[in-house]
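The values are calculated or read from the model by the stated rules, or taken from the named source; none is laboratory data. Computed from a predicted structure; not experimentally measured. Positions of Cβ are backbone-derived with ideal geometry, glycine not excepted, and every protein chain shown enters the neighbour counts. Heavy atoms of the whole protein, side chains included, go into the accessibility calculation; ligands, DNA and RNA do not. Shrake-Rupley method; radii C 1.70, N 1.55, O 1.52, S 1.80 Å.
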Amino acid sequence: MIILKTQEEIELIREACEITSSCYELVEQAIKPGISTFEIDQLVHEHIISQGATPGFLNYGEPPFPSSACISINEEVVHGIPKKDRFLKEGDIVSVDLGAEYKGYHGDSARTYLVGEVRSTWQKLVRVAEEAFWQGMRQVKKGNRLGDIGHAVQTYTEKHGFGVIRELTGHGIGADLHEDPNLLNYGKKGRGVRLEVGMVMCLEPMITEGDHSVILANDQWTILTRDKKAAAHYENTFAITENGVEILTLTVEERKKYANEITELKATKW
Ligand code: MG
Ligand code: MG
């Protein structure tokens with residue numbers, strides 16, 4: 001069941017999302033060769049707590065996720081568990097997926113960072129994941145359906161020679177971290193649920209350098225590409241309101257970078 005949100009609820013989700021995105025200002029500074037994924041997780045954890053919020057991922061699911069951020073390196077797609085003895089090294093790409101719960105509502109987002117000098121194909125992979133997100137967001141307009149978003153993400157990704165993961169998807173978000181509907185990164189134009197005011201969702205392209213098949217690691221959380229090729233992940237929470245579409249988990253810097261796109265989304269009529 002899709003739970004449509006009131007303007008008041010969207011305001012609360014916005015607060016959770018602001019805490020969520022503010023973590024990236026710290027994470028971005030910390031990403032460098034030699035830092036452990038545990039240290040990055042500690043930064044996220046302490047920052048979320050300092051804002052009076054709760055890490056949305058901590059103890060989530062079964063077995064309970066043990067950390068506040070999912071940190072996934074290279075062939076790890078998502079849900080990597082931070083570890084004291086897992087260090088970033090020059091040339092890696094690392095996705096940091098995190099969320100805060102505040103006043104009963106969740107934010108959720110992911111970024112993939114380059115660690116030092118990264119091979120050009122991986123730089124492109126990271127860039128295309130982000131661009132695919134924006135291609136998908138352009139389809140968030142009156143009369144369109146979920147399939148229009150997925151189709152745009154898939155078409156753009158595959159045009160660049162990358163694979164779209166099928167087993168993991170975006171989702172609705174609100175009082176729960178994962179709500180209906182699933183927001184697929186692939187699909188057919190004009191198919192699926194029609195978009196409407198009050199929907200709050202996470203669009204999160206997960207794309208791979210090679211084949212899109214994935215496997216689950218023995219830790220029961222980490223998802224890896226089957227062919228061990230690299231993957232990139234980019235995610236934001238967004239809301240459809242009577243006053244246009246708003247992306248809720250962008251940092252201050254990202255709001256500057258995407259000022260034109262933000263203005264366009266804000267101008268969509270519902
Ligand atoms: Mg998500
Ligand atoms: Mg996420």
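In the full protein context, the chain carries 43 Å² of accessible surface per residue, based on a 1.4 Å probe and ignoring ligands, DNA and RNA.
Note: relative contact order over segment 105-210, using C-alpha pairs below 8 Å and six or more positions apart, is 35 percent. Normalised by the number of residues in segment 7-266, the mean separation of alpha-carbon contacts (under 8 Å, six or more apart) gives a relative contact order of 20 percent.
For segment 180-227, the percent of C-alpha pairs falling in each 10 Å distance bin, counted from 0 to the bin holding the largest distance, reads 19, 39, 28, 14, 0. Tell me, rounded to the nearest percent, the portion of alpha carbon pairs in segment 21-151 spaced more than 25 Å apart. Tail of P(r) above 25 Å: 32 percent of Cα pairs. Spin-label model, residue 7/residue 253: points 7 Å from Cα along the beta carbon direction are separated by 3.4 nm. Legend: P(r) of segment 121-181 from all alpha carbon pair distances, 10 Å bins from 0, whole percents, reading 21, 47, 28, 4.
The mean sequence distance of close C-alpha pairs (under 8 Å, at least 6 residues apart), as a share of the length of segment 130-178, puts its relative contact order at 29 percent. When a 1.4 Å probe is rolled over the protein heavy atoms, the share of accessible surface on the chain that falls to carbon and sulfur comes to 49 percent.
Highest mean packing comes first when the peptides 177-185, 250-258, 197-205 are listed by Cβ atoms within 10 Å, giving 197-205, 177-185, 250-258. Other residues whose C-beta falls under 11 angstrom from the C-beta of residue 48 contribute a net charge of -3, scoring Lys and Arg +1 and Asp and Glu -1. Among the lysines, which have Cα under 19 Å from the Cα of residue 141 when same-chain residues fewer than 8 positions away are ignored? Within reach: 5, 188, 189, 266, 269. Compared with the alpha-carbon gap, the fully stretched path from residue 59 to residue 85 is longer by 7.3 nm at 0.36 nm per residue. Pairwise Cα distances in the chain exceed 35 Å for 9 percent of all pairs.
Mean residue ellipticity at 222 nm, helices only, the chain: -10000 deg cm²/dmol; runs of at least 4 DSSP H residues each add -39,500 (n - 2.57), and the sum is divided by the number of residues. Please state the shape class of segment 78-182: rounded when a/c is under 1.5, otherwise prolate if a/b exceeds b/c and oblate if not, all from the C-alpha gyration tensor. It is oblate, given that a/c is not under 1.5 and a/b is not larger than b/c.
Comparing segment 151-270 with the 2.2 N^0.38 Å rule of thumb, its C-alpha radius of gyration ratio is 1.16 (two decimals).
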